[in-house]
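Participant: Here it is, the structure, as structure tokens.
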Amino acid sequence: MLNPEQIEAKLDRILLKVQKPGRYVGGELNSTLKDWDKAQTRVAFVFPDIYDIGISNVGLKILYDQINQRDDALAERAYAPWTDMEALMREHEIPLYTLESKHALACFDLIGFTLPYETLYTNALNILDLAGIPVRSADRDETHPIIIAGGHSATNPEPMHAFIDAFAIGEGEEVIHDIINTIQRVKGQKSKVDGDLRPSTFDRNDLLLALAQIPGVYVPKFYETTYLEDGTVAHTQPTTPEVPKVVNKRIVAKLLPPPLKFIVPNIEVVHNRVSVEIMRGCTRGCRFCQAGMITRPVRERAVQEVVDAADAAVRSTGFEELALMSLSSSDYTYVNELVDAISKRFEGRKLTVALPSLRIESVSIDLMDKLKQHRSGGFTLAPEAASERMRKIINKFIPDEDIINTTRDIYTRGWTTIKLYFMIGHPSETIEDVQAIVDLSKRVLAEGRKAAGWKVKLNVGVSTFVPKPQTPFQWVSCDTRENILEKQALLKRQLLKDKNIKLSWTKPEDTLLEAWLTRGDRRMAEVIYSAWKRGAKFDAWGDEIKVQTAWLPAFEEHGLDPAFYTHRQRRTDEVFPWEHITAAVRKNFLFQDFRQSLEGQIRMDCRLNCYACGILPTFASLRRENPGEGWKCPEVKSPAKVKSEKLAMVSEQLPVVGGDFCELNW
Amino acid sequence: MRARITFSKQGALRYTGHLDLHRLWERAMRRADLPLSYSLGFHPQPKISLAAALPLGFSSLGEVLDVRFNAEIPTEEIAARLKDSLPPDIKVTGVESVDEREPALQTQVLSATYDAHLTEPVDGADLMRRVEEMLMAENLPRERRNKSYDMRPLIEILNVITESDGEVWLQMKLAARDGATGRPEEVLDALGIEPEYTRVERTRLIFQR
Ligand code: SF4
């Protein structure tokens with residue numbers, strides 16, 4: 001294997017031939033280069049997209065800091081090289097390396113992928129291959145690193161089960177330490193037995209089995225899936241008694257202090273900004289939103305902590321933008337106080353503050369006003385659906401009039417551009433619901449013109465809904481390509497006429513690819529492998545041809561029908577491929593919520609009324625140990641009480657399972 | 001105040017281009033809490049000017065920039081504050097206070113010196129002969145980006161240096177005036193040396209005095 005000096009020498013020869021060579025050299029302020037020989041465990045974190053995107057990922061930054069704070073471990077980073085660089089690396093036989101020390105990935109003990117979205121899967125395979133590591137877990141031995149992955153797409157890890165040794169389900173801040181400690185323990189034991197102190201001597205199976213016993217860690221090799229005749233899953237069960245039947249996600253009871261020393265790239269990237277997480281989880285319960293379902297419970301950070309962290313991070317990076325991150329800023333209990341404190345602290349400093357995901361109400365305009373943002377940036381709102389009927393179905397209810405009044409107010413108060421985000425393809429959507437997007441958009445613009453004149457503009461973003469695992473819509477069928485095209489044609493025909501409306505949409509191919517993968521089963525792994533072999537990579541970059549030349553032939557090669565994964569309504573009693581993985585929101589709860597959506601019933605914010613979604617029973621002891629305002633779930637008092645409450649909640653919420661779906665009348 | 005900062009740019013920073021370097025300095029000044037002056041107008045720009053763009057891939061021992069601050073700050077303090085605010089491959093080697101009325105920094109550059117190390121062994125005698133031929137020529141017509149120009153007057157000094165261990169490298173001083181800039185990679189190319197087998201370092205920028 002090439003050593004770092006050899007890799008660097010080879011790089012010098014090729015870097016001037018690629019676009020943006022600064023992507024491949026590291027050397028950023030606030031990156032950490034530790035003494036290689038002094039670290040007992042070496043971790044490489046990989047974001048499998050290009051540097052320009054991956055560098056801003058906060059999740060990886062948190063894990064990177066966690067490891068580098070340990071005396072006995074180091075963490076470095078790698079990203080997916082763009083195709084020009086990949087071609088040269090393959091030609092010159094340069095293995096994928098980390099930016100800090102330029103060690104080949106294969107020299108590390110542990111490689112941690114973050115997989116926030118499914119369209120990164122083929123890139124992950126490509127990266128393993130570029131690193132000279134066998135792509136399949138089964139082909140790796142003691143000389144290879146352990147490959148782990150986490151991120152939202154691990155909510156259904158099955159499609160990647162053949163390539164990733166272990167998945168971290170849920171939040172990674174604590175479990176990463178458990179994983180490192182376990183690696184050290186197992187590798188240490190073996191050395192003692194053999195009297196050989198080389199840390200690399202260990203039995204891979206022993207180590208994986210030890211990892212599988214860490215709460216929140218899923219090691220696919222110790223589970224087996226059987227299928228029914230119709231191709232759906234019969235069950236997925238452990239093959240050894242040592243591992244849990246169901247892997248429950250991990251959470252941290254209290255958010256760790258936010259990272260302060262963001263890495264400052266030496267070249268321009270997509271987001272040059274400091275991000276401070278103000279709140280994790282969401283209580284709104286929008287039925288299409290996977291993030292909202294799988295990141296519960298809501299935990300908020302104190303205003304003072306946010307402001308101090310933002311200040312320190314802005315000082316340590318010199319970035320000109322600060323993003324206050326959460327799934328729903330308006331729901332942060334002290335959002336007014338936060339905005340006041342931020343504007344006071346940063347007064348007179350050149351800083352753009354982003355407060356995304358605001359509710360459609362005039363209070364949101366006051367918040368943006370206080371942050372003294374450039375009106376030129378546009379004001380973003382996400383009604384997600386344009387008819388009141390549909391907004392009830394997706395549980396993001398808000399009357400049309402509120403949208404009109406709020407947008408009119410925004411224009412009146414000086415913003416010339418509003419961005420409205422919608423989705424097509426929601427369950428039970430008709431062409432009228434799509435027409436409603438047109439009508440609402442036109443009305444918003446017309447009202448804006450009356451109030452603020454002809455200069456007002458509207459950007460309409462319309463993505464396509466993809467049903468996601470562990471959400472109330474996990475049972476529904478995804479819209480077909482034909483339907484999507486027809487709906488998009490309607491939007492284009494009617495909205496593009498007005499030159500003050502800009503319309504953007506998602507290509508149906510991108511939607512379908514995501515839809516195939518997100519609810520895929522273990523058999524999908526072979527499809528991913530074949531698609532990658534046929535040239536699929538950077539699938540998030542919307543290359544329609546790859547769907548035709550790589551993905552569809554891959555399905556065919558393995559005798560699988562893509563429509564089985566996308567355009568099929570799941571039976572009410574169907575066992576999902578991800579049934580043995582849980583984000584702690586119970587299937588019963590999701591199903592009941594799904595039933596309510598069919599009846600057009602909405603559910604209020606669960607801060608106001610706990611619906612016993614499953615979080616509290618699962619994390620009762622964590623909640624008990626962390627009473628008070630930080631969590632937005634009700635407090636748990638004594639262990640005995642929890643038990644009875646839990647029982648009461650469960651019996652009250654039991655859904656009718658086993659009914660026939662077709663009767664539900666879509 | 002107007003301050004002149006001399007700095008080295010090495011390692012990973014060789015792959016940071018001119019515009020990105022500008023941005024990097026802006027952020028570094030902000031991290032160092034130095035009171036950067038901005039231009040007026042709708043898109044205020046920090047008043048930082050870099051003396052001469054350094055081609056991507058080259059390292060440098062002596063880059064120079066001028067920056068304007070809203071307050072007077074002792075030059076030692078500027079250096080001290082910048083020390084921890086820069087990425088590891090940029091090091092400040094000098095800070096001086098400059099008369100506000102001096103003409104713009106870019107207009108004062110006359111020439112630049114470079115060391116070009118060769119990463120593949122070459123025949124020293126042969127190289128020497130090619131260099132001599134080049135220097136003897138009255139003109140060296142060349143083409144760059146579809147524009148023809150004469151390279152000869154841009155070469156002020158070109159030396160082949162042979163180390164005691166046999167290593168051969170080139171030292172050059174090229175014009176770096178506005179509209180008359182000699183490029184080391186062009187000189188190397190004219191000598192038949194492929195840029196990918198070289199490692200070029202700018203050693204100094206020479207200014208009008
Ligand atoms: S346990 Fe109750 S309050 Fe907590 S997230 Fe679930 S429904 Fe909401």
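Each value in this text was obtained by applying a stated rule to the coordinates, not by laboratory testing. Remember, predicted model here, so these are calculated numbers, not experimental data. Don't worry about glycine lacking a Cβ; one is built from the backbone with ideal geometry, like all the others, and counts go over all protein chains shown.
Participant: Residues of the stretch B:75-118 with amide nitrogen under 13 Å from the 7 Å Cα-to-Cβ point of B:Asn159?
Facilitator: Counting backbone N atoms under 13 Å from the label point, the list is B:113-116.
Participant: Right, here's the next one. Suppose the chain between A:Ile545 and A:His177 were pulled fully straight at 0.36 nm per residue; how much longer would it get relative to their current alpha carbon spacing?
Facilitator: On the way: separation 368, 0.36 × 368 = 132.48 nm, distance 4.20 nm.
My answer for the length gained is 128.3 nm.
Participant: If the viscosity is 1.002 mPa s and the temperature 20 °C, what Stokes-Einstein diffusion coefficient in µm²/s follows for the protein assembly as shown when Rh is the Kirkwood radius over Cα pairs?
Facilitator: Details: Rh = 30.3 Å.
Using the Kirkwood radius from Cα pairs, D works out to 71 µm²/s.
Participant: Separate question: Partner chain Cβ atoms within 10 Å, averaged over the residues of B:6-18 - can you pull that number for me? Let's see the in-between values first.
Facilitator: Values: counts 0, 0, 0, 0, 1, 4, 10, 5, 7, 14, 8, 6, 0.
Per residue, the number of nearby Cβ atoms from other chains is 4 on average.
Participant: If you average the alpha carbon positions of the stretch A:290-331 and of the stretch A:508-560, how far apart do those two centres end up, in angstrom?
Facilitator: 35 Å
Participant: Long-range amide H contacts for B:Thr203: which residues qualify at under 5 Å (H placed 1.01 Å from N, peptide plane, sequence gap of 5 or more or a different chain)?
Facilitator: The answer is B:Leu61, B:Thr113, B:Tyr114, B:Asp115.
Participant: Which ³J(HN,Hα) values, rounded to whole Hz and listed in residue order, are derived for the stretch A:611-628 from phi using the Karplus coefficients 6.51, -1.76 and 1.60 in 6.51 cos²θ - 1.76 cosθ + 1.60 with θ = phi - 60°, glycine and proline given as x?
Facilitator: So the Karplus estimates, Gly and Pro as x, are 9, 6, 6, x, 5, 5, x, 5, 10, 4, 6, 4, 5, 4, 6, 10, x, x Hz.
Participant: Pulled fully out, how much extra length does the chain show between A:Ala446 and A:Glu557, if you take 0.36 nm times their separation in residues and subtract their Cα-Cα distance?
Facilitator: Values: separation 111, 0.36 × 111 = 39.96 nm, distance 5.25 nm.
Answer, rounded to one decimal: 34.7 nm.
Participant: Can you compute the FRET efficiency between B:Ala137 and A:His271 using 1/(1 + (r/R0)^6), with r the Cβ-Cβ distance and R0 = 56 Å? Round to the nearest 0.05.
Facilitator: Working: r = 52 Å, r/R0 = 0.92.
So the FRET efficiency works out to roughly 0.60.
Participant: Moving on to the next point. Which listed residue (B:Thr93, A:Met390, A:Cys613) has the Cα farthest towards the positive end of the charge dipole for the protein assembly as shown, taking +1 on Lys and Arg C-beta and -1 on Asp and Glu C-beta about the Cα centre?
Facilitator: With unit charges placed on the Cβ atoms, the residue in question is A:Met390.
Participant: May I pose another question? Can you list the HN-Hα couplings for the stretch A:326-339, worked out from phi with the Karplus curve (6.51, -1.76, 1.60; θ = phi - 60°), rounded to whole Hz and with x for Gly and Pro?
Facilitator: With coefficients 6.51, -1.76 and 1.60, one gets 5, 7, 7, 4, 4, 7, 4, 3, 10, 4, 5, 4, 4, 5 Hz.
Participant: Using the per-residue mean of other Cβ atoms lying within 10 Å as a proxy for protection, in what order, highest first, do the peptides B:98-108, A:155-165 fall? The partial results should precede the final answer.
Facilitator: On the way: B:98-108: 11.7, A:155-165: 24.6.
Peptide ranking by packing, descending: A:155-165, B:98-108.
Participant: Binned at 5 Å from 0, what are the whole-percent values of the Cα-Cα distance distribution for the stretch A:272-372, short to long?
Facilitator: Over the stretch A:272-372, the share of Cα pairs per 5 Å bin runs 2, 13, 24, 24, 19, 11, 5, 1, 0 percent.
Participant: Please list, in chain and number order, the residues 5+ apart from A:Glu321 or on another chain whose amide H is under 5 Å from its amide H, with Hs placed from the backbone.
Facilitator: A:Val274, A:Thr352
Participant: I would also like to ask the following. Sticking with the crude label model, points 7 Å out along Cα→Cβ, report the distance from A:Glu625 to A:Gln40 in nm, one decimal please.
Facilitator: 2.3 nm
Participant: May I pose another question? Which pairs break 23 Å Cα to Cα here: A:Lys419/A:Lys507; A:Lys187/A:Lys221; A:Lys34/A:Lys61; A:Lys261/A:Lys370; A:Lys249/A:Lys468; A:Lys344/A:Lys450?
Facilitator: Numbers: A:Lys419/A:Lys507 19 Å; A:Lys187/A:Lys221 20 Å; A:Lys34/A:Lys61 16 Å; A:Lys261/A:Lys370 27 Å; A:Lys249/A:Lys468 17 Å; A:Lys344/A:Lys450 35 Å.
As for pairs spanning more than 23 Å Cα to Cα, those are A:Lys261/A:Lys370; A:Lys344/A:Lys450.
Participant: Okay, moving on. Where the centre of each part is set by its Cα atoms, how far does the stretch A:590-642 sit from the stretch B:1-46, in angstrom?
Facilitator: Rounded to whole Å, the Cα centres lie 51 Å apart.
Participant: While we're looking at this one, here's another question. Hey, can you grab everything whose amide H is under 5 Å from the amide H of B:Thr93? Only 5+ residues off in sequence or another chain; H modelled, so Pro and N-termini drop out.
Facilitator: For B:Thr93, whose amide H was placed from the backbone, the distant partners under 5 Å are B:Thr6, B:Phe7, B:Ser8.
Participant: Sorting A:Trp454, A:Trp475 on the 10 Å Cβ count, fewest up front, what's the list? Please report the intermediate quantities before stating the final value.
Facilitator: Numbers: A:Trp454 8, A:Trp475 22.
With the sparsest Cβ surroundings first, the list reads A:Trp454, A:Trp475.
Participant: Across the residues of A:22-30, average count of Cβ atoms on other protein chains within 10 Å? Please report the intermediate quantities before stating the final value.
Facilitator: Numbers: counts 8, 1, 2, 7, 6, 11, 5, 11, 2.
Average per residue, whole number: 6.
Participant: Just grab the label-to-label distance for B:Thr119 and A:Lys261, each label 7 Å out from Cα along the Cβ direction, in nm (one decimal).
Facilitator: My value for the distance between the label points is 3.0 nm.
Participant: Treat every Asp and Glu Cβ in the stretch A:224-330 as -1 and every Lys and Arg Cβ as +1, leave all other atoms uncharged, and give the resulting dipole magnitude about the Cα centre to the nearest 20 debye. Don't skip to the answer; put the middle values down first.
Facilitator: Numbers: 13 positive and 12 negative charges, 79 e Å.
My answer is approximately 380 debye.
Participant: Let me ask another. Hey, could you grab the Kirkwood Rh for the stretch B:109-207? Inverse mean 1/r over distinct alpha carbon pairs, Å, one decimal. Intermediate results must be reported in sequence, preceding the final value.
Facilitator: Details: mean 1/r = 0.0723 Å⁻¹.
By the Kirkwood definition, the hydrodynamic radius is 13.8 Å.
Participant: Related question: Apply the Karplus parameterisation 6.51 cos²θ - 1.76 cosθ + 1.60, with θ equal to phi minus 60°, to every residue of the stretch A:310-325 and state each ³J(HN,Hα) to the nearest whole Hz, in sequence, with x for glycine and proline.
Facilitator: Ordered by residue, 3J(HN,Hα) equals 4, 4, 4, 6, 5, 5, 7, 10, x, 5, 9, 9, 10, 10, 9, 9 Hz.
Participant: Explain nothing, just the number: dipole magnitude of the protein assembly as shown about its Cα centre with +1 on each Lys and Arg Cβ and -1 on each Asp and Glu Cβ, in debye rounded to the nearest 20.
Facilitator: On the way: 115 positive and 125 negative charges, 551 e Å.
Using Cβ point charges on Lys, Arg, Asp and Glu, the protein assembly as shown gives about 2640 debye.
Participant: With each pseudo-label sitting 7 Å past Cα toward Cβ, what's the A:Ala253-A:Lys502 distance in nm, one decimal?
Facilitator: Taking the two extended label points, one gets 4.8 nm.
Participant: Now for a different question. Using only DSSP helix segments of four residues or longer, with each worth -39500 (n - 2.57), what per-residue ellipticity at 222 nm results for chain A after dividing by its residue count and rounding to 500? If you can, show how the numbers build up before the last one.
Facilitator: Values: 23 runs with 242 residues, N = 666.
The helix contribution divided over chain A gives -11000 deg cm²/dmol.
Participant: Rounded to the nearest 500, what is chain B's calculated 222 nm mean residue ellipticity when only DSSP H runs of at least 4 contribute -39500 (n - 2.57) each, over all residues? Before the final figure, lay out each step's value.
Facilitator: Working: 5 runs with 47 residues, N = 209.
Taking each H run of at least 4 residues, the total per residue is -6500 deg cm²/dmol.
Participant: At a 10 Å Cβ-Cβ cut-off, how would you order B:Asp115, A:Asp206, B:Asp89, fewest neighbours first?
Facilitator: Ranked by crowding around the Cβ, least crowded first: A:Asp206, B:Asp115, B:Asp89.
Participant: Could I ask something else about it? How high is the FRET efficiency from B:Arg144 to B:Ala80, r the C-beta distance, R0 56 Å, rounded to 0.05? Provide the component values of the computation, followed by the final result.
Facilitator: Working: r = 42 Å, r/R0 = 0.75.
E(calc), rounded to 0.05, equals 0.85.
Participant: Now a separate question. Assuming R0 = 22 Å, what is the FRET efficiency of B:Ser49 and B:Thr93, from their Cβ-Cβ distance, to the nearest 0.05? Don't skip to the answer; put the middle values down first.
Facilitator: Numbers: r = 18 Å, r/R0 = 0.82.
It comes to 0.75.
Participant: So, one more: For the stretch A:400-428, list residues with backbone N below 18 Å from a point placed 7 Å from the Cα of A:Glu486 toward its Cβ?
Facilitator: A:424-428
Participant: Related question: What is the gain in length, in nm to one decimal, between A:Leu608 and A:Lys533 on full extension, counting 0.36 nm per residue of separation less the C-alpha to C-alpha distance? Don't skip to the end; give the middle numbers.
Facilitator: Numbers: separation 75, 0.36 × 75 = 27.00 nm, distance 5.07 nm.
Working it through step by step, the gained length comes to 21.9 nm.
Participant: Separate question: Show me the ranking of peptides A:6-17, B:65-76 by mean Cβ neighbours inside 10 Å, starting with the highest.
Facilitator: On the way: A:6-17: 16.9, B:65-76: 14.5.
Result, highest mean Cβ count within 10 Å first: A:6-17, B:65-76.
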